[in-house]
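A.B. asks: Sharing a structure with you now.
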Amino acid sequence: MPLLNTSKLITIERHITEEGSLHPESTGEFSRLLRDLTLALRVLARDVRRAGLSDILGMTEATNVHGEVVKRLDQHANDVIFRAMDHGGHLCVMASEESDGLIRIPDEYRNGKYVLVFDPLDGSSNIDVNVSIGTIFSIYKRLDPSLTTPGTLEDCLQPGYEQVAAGYAMYGSSTQLVYTSGNGVDVFTFDPTIGEFLLTFEKIRIPKRGKIYSVNSGNSHKWPKGVREYVTHLLQKAPDGSRPYSLRYVGTMVADIHRTLHYGGIFMYPADTTSPNGKLRLVYELNPMAFIVEQAGGRATTGKQRILDLQPESLHQRAPCYMGSVDDVQELERYLTDYGDEFYG
Ligand code: P6P
């Protein structure tokens, strides 16, 4: 599949403005919110590349020009996003994997009508070996857009189907931004020579079925029996050549989902005997990724229900996840139904 399917020269800002015109009620505030967010992502693209370089050179914990100890990269990413987003007047509250509670908008700034939840640096353990990492984000309207008071926990705990936009940046061989606001999924590639994210792939569609499964097989002894039997099935040779599948697992959700969007197949982080709700966080990992996968024509489930239908109970709650090509995810669901909730001990 080509990684570029358009010759149109369009920046993400122009794309968002044009999409905004599809929503006559939009006031441009949403476009300005996304402009600020893409600034943060450009800064992070630079910093991740620089941090990777320093790690390669084996630099010890450095101090910056102000004598401050250089923070861990994921805390740094959290700070960058906060500093880019706290003062624009678009948000009433934020929440992040890196912050235990709500991130409030400073009193000196106006509270807007949107909510931003994010994982500032997904897969940060991989930076030390220069493997792709990313930033995941999700945007909601606050429950009562007429309010100008600080946002609340309830504003952050909306079901995924209420998202107005979601996306991720992947800092890899190039930096790409994958984004949806409910009108399909588009990919923008960062051109550092002009400092812009340019549209490179329009309206990704996940193949109906793939030949790749993506899971941490090191946990297989702890999986539900249905997942174990499903993977065994994928690895058996089929007369029509449709199996065996290949295993691809980066260990950075952004990278594994990005590949699945393009090539199809299934990404899994099951519940297991030691993690009864799996590992991945519902609010700022699974919901944005599920929105993107569904907008690309795929399917995203906990094995029992649609991820986007879950009512979050807490900011950092986890949920099992199976997402990707419709046929692959539905086949997995049949195995979970046939084998029930039985686990391997
Ligand atoms: P494991 C990265 O730490 C992350 O949160 C996701 O990006 C990734 O899919 C998952 O955890 C990997 O977890 O247990 O396989 O190392």
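A.B. asks: Would you mind stating whether Thr175 is among the hydroxyl-bearing types (Ser, Thr, Tyr), at pLDDT 95 or above and closer than 25 Å to Ile81 by Cα?
C.D. replies: It is false that Thr175 is among the hydroxyl-bearing types (Ser, Thr, Tyr), at pLDDT 95 or above and closer than 25 Å to Ile81 by Cα.
A.B. asks: Something else: Would you confirm whether or not segment 76-90 contains a residue that is farther than 20 Å from Leu44 by Cβ, assigned by TED's automatic domain parsing to the domain that holds Gly28 and among the hydrophobic types (A, V, I, L, M, F, W, C)?
C.D. replies: The answer is no, given that none of the residues of segment 76-90 is farther than 20 Å from Leu44 by Cβ, assigned by TED's automatic domain parsing to the domain that holds Gly28 and among the hydrophobic types (A, V, I, L, M, F, W, C).
A.B. asks: List every residue pair whose Cβ atoms lie under 8 Å apart, where the two residues are 6 or more positions apart in sequence or sit on different chains, the first residue falls within segment 122-135 and is under 17 Å from Glu285 (Cα atoms) and free of Cβ contacts under 8 Å to residues at least 60 places away in the same chain, and the second residue, located anywhere, is within 11 Å of the ligand (Cβ to nearest atom) and not in a helix (DSSP H, G or I).
C.D. replies: Qualifying pairs under 8 Å: Ser124/Ile133.
A.B. asks: Out of Leu286, Leu332, Leu308, report the one residue that is part of a helix (DSSP H, G or I), modelled with pLDDT of 95 or more and out of contact with any Ser or Thr (no Cβ under 9 Å at 6 or more places or on another chain).
C.D. replies: Leu308
A.B. asks: As an exercise: evaluate Asp144 against (1) crowded, with 18+ Cβ neighbours inside 10 Å; (2) acidic (Asp, Glu); (3) in a loop (DSSP other than H, G, I, E, B) and give the number of the one condition it does not meet.
C.D. replies: Answer for Asp144: the failing condition is (1).
A.B. asks: Looking for whichever is in the same structural domain as Arg46 (by TED's automatic domain parsing) and either part of a helix (DSSP H, G or I) or under 20 Å from Tyr171 (Cα atoms) (or both) here; the options are Phe197, Phe267. Which one fits?
C.D. replies: That would be Phe197, the only listed residue that is in the same structural domain as Arg46 (by TED's automatic domain parsing) and either part of a helix (DSSP H, G or I) or under 20 Å from Tyr171 (Cα atoms) (or both).
A.B. asks: Limited to segment 218-238, what total is found for residues that are among the hydroxyl-bearing types (Ser, Thr, Tyr) and either exposed (fewer than 12 other Cβ atoms within 10 Å of the Cβ) or closer than 13 Å to Ile266 by Cβ (or both)?
C.D. replies: 2
A.B. asks: While we're here: Select from segment 231-251 the residues that are in contact (Cβ under 8 Å) with a residue 60 or more places away in the chain and closer than 15 Å to Asn216 by Cβ and write down the one among them that is nearest to the ligand (Cβ to nearest atom). I'd like the intermediate steps shown before the answer.
C.D. replies: Here is the first cut: in segment 231-251, the ones in contact (Cβ under 8 Å) with a residue 60 or more places away in the chain are 233, 250-251.
Of the ones still in play, those that are also closer than 15 Å to Asn216 by Cβ are 250-251.
Values: Val250: 8, Gly251: 5 Å.
In this case the residue turns out to be Gly251.
A.B. asks: May I pose another question? Considering only segment 245-267, state which residues are under 14 Å from the mean Cα position of the chain (by Cα) and not hydroxyl-bearing (Ser, Thr, Tyr).
C.D. replies: Gly251, Met253, Val254, Ala255, Asp256, Ile257, His258, Arg259, Leu261, Phe267, listed by residue number.
A.B. asks: Right, another one. Considering segment 219-230 alone, what residues qualify as being of a type in the set (Ser, Thr, Tyr) and within 14 Å of the ligand (Cβ to nearest atom)? It would help to see each step written out before you state the result.
C.D. replies: Step one: of segment 219-230, the residues of a type in the set (Ser, Thr, Tyr) are 220, 230.
Scanning segment 219-230 gives a single hit, Ser220.
The values are calculated or read from the model by the stated rules, or taken from the named source; none is laboratory data. All of these numbers come straight from a predicted model, not from anything done at the bench. As a convention, Cβ positions derive from the backbone with ideal geometry for all residues, glycine included, and neighbour counts pool all protein chains shown.
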